[in-house]
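The structure appears right after this line, and notes come after that.
The values are calculated or read from the model by the stated rules, or taken from the named source; none is laboratory data. In this text the structure is predicted, and so the values were computed from the model without any measurement. Every residue, glycine as well, gets a Cβ built from its backbone with ideal geometry; the counts of neighbours run over all protein chains shown. Note: accessible area is taken over every heavy atom of the protein model, side chains too, but ligands, DNA and RNA are not part of it. Shrake-Rupley method; radii C 1.70, N 1.55, O 1.52, S 1.80 Å.
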Amino acid sequence: MKELGKVVTDINLNGSVPENVIEQIKNDVHQHRLVIFKNQSKISGDRQVEISKWFGNLESTFYKHPRSPHPDVFRVSNDEDEGCTHVGRTGWHIDGSFMKKPFGYSLYYMFSVPIKGDTAFIPLNELINSLTPEVAARWERLWMVSDRRDGVVHPLIYPHPITGLKTLCFHLGMSTAFVWDLGSDKERMTERPETVKIIKEIYQEIVKDDRRLIYSHKWEEGDFIISDNLAVGHEASEETQYSRNKVGLRILHRTTIEGKHEPHK
């Protein structure tokens, strides 16, 4: 699985999971960034919420769909009658970058698996470590500005609040601008052409070397993923938007855990 992820085949998430196993899962999520549970029986919305609470309080998205199995479960689909559509294709991102404290964890369960429709993940510390010194130094000077109404500003590169490893706070499709050298006498905000140039540069660094750092997860029946949202960037593949007639019904249930840390240098 390239540079991230641990596959687990011997835990039944629908059964009783001992406290010591839950603690090991929590440790594994930080160590491996993704923990992928295979061969799970159908996981209800209520059970996904129970599992999510191992990691903290849920903070549900503002998107609600009438077919969602629980108020805190974000239901995504390629059929508008079944879930929210056109999700995840606006650009590489972490979840909740528009919030002062981005989500700490994201949990994904593919309730209905299509023929195609990968989710791509990238380990952000390895991405930073792969940069040339010149690019890394430039990114260290940047802060992202969210396109949401509050215009939240976060450092592009900052230390992960749990592991201390460098990571990114970013959303390539929802950044209205960047700020250079925030808080110094050199502080300035980018105009649109420069913003687009920076976004393209970040994208090119992600996909460079034939997508060497990217793990593309091919969903199978019974897959359940827990991710350290602050350490992993992700993007839905183009096929996730294909129609139900073309690839079958896709339904993804996502829960997100309230962030406890505001990104800072």
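Could you state the accessible area per residue of the chain in Å², with a 1.4 Å probe and every protein chain left in place? List each step's numbers first, then the result.
Values: 12530 Å² over 265 residues.
Roughly 47 Å² per residue, with all protein chains present.
To the nearest Å, what is the center-to-center distance of segment 124-166 and segment 223-252, using C-alpha atoms only?
Between the Cα centre of segment 124-166 and that of segment 223-252, the gap is 24 Å.
Any idea of GLU205's accessible area? Nearest 10 Å², probe 1.4 Å.
My reading of the accessible area for GLU205 is about 30 Å².
Sorting LYS64, LYS260 by accessible area (1.4 Å probe), largest first, what list results?
Order by accessible area, largest first: LYS260, LYS64.
Which whole-number percent is the relative contact order of the chain (Cα, under 8 Å, 6+ apart)?
Worked out over the chain, it gives 35 percent.
Which of the residue pairs LYS101/LYS218; LYS101/LYS197; LYS64/LYS100; LYS42/LYS116 have a Cα-Cα distance greater than 23 Å in the structure shown?
Details: LYS101/LYS218 30 Å; LYS101/LYS197 26 Å; LYS64/LYS100 21 Å; LYS42/LYS116 20 Å.
Long pairs (Cα-Cα over 23 Å): LYS101/LYS218; LYS101/LYS197.
State log₁₀ I(q)/I(0) for segment 1-259 at q = 0.07, 0.17 Å⁻¹ as given by the Debye formula over alpha-carbon point scatterers of equal weight, solvent excluded.
At q = 0.07, 0.17 Å⁻¹ the computed log10 ratios are -0.24, -1.40.
Answer with one residue from LEU252, THR240, PRO102: the one whose Cα lies farthest towards the positive end of the charge dipole of the chain, charges on Cβ with Lys, Arg +1 and Asp, Glu -1.
Positive-end residue among those listed: THR240.
Straight-line reach from LYS200: which lysines have Cα under 23 Å away, leaving out those fewer than 8 places along the same chain?
Result set, ordered by chain and number: LYS166, LYS208.
Ratio of alpha-carbon Rg to the 2.2 N^0.38 Å globular estimate for segment 108-223, to two decimals, please.
Details: Rg = 16.4 Å, N = 116, 2.2 N^0.38 = 13.4 Å.
My calculation over the Cα atoms of segment 108-223 gives 1.22.
Please compute the modelled spin-label separation between ASN14 and ASP185, points set 7 Å along Cα→Cβ, answer in nm with one decimal.
The answer from the label model is 6.6 nm.
With equal scatterers on the alpha carbons only and no solvent term, can you work out the Debye log10 of I(q)/I(0) for segment 38-170 at 0.09, 0.10, 0.11, 0.16 1/Å?
-0.34, -0.42, -0.51, -1.02
If you keep only loop residues by DSSP, which chymotrypsin sites (Phe, Trp or Tyr not before Pro) in segment 38-111 have at most 14 other Cβ atoms within 10 Å of their Cβ?
Hits after loop and neighbour filter: PHE62, TYR63.
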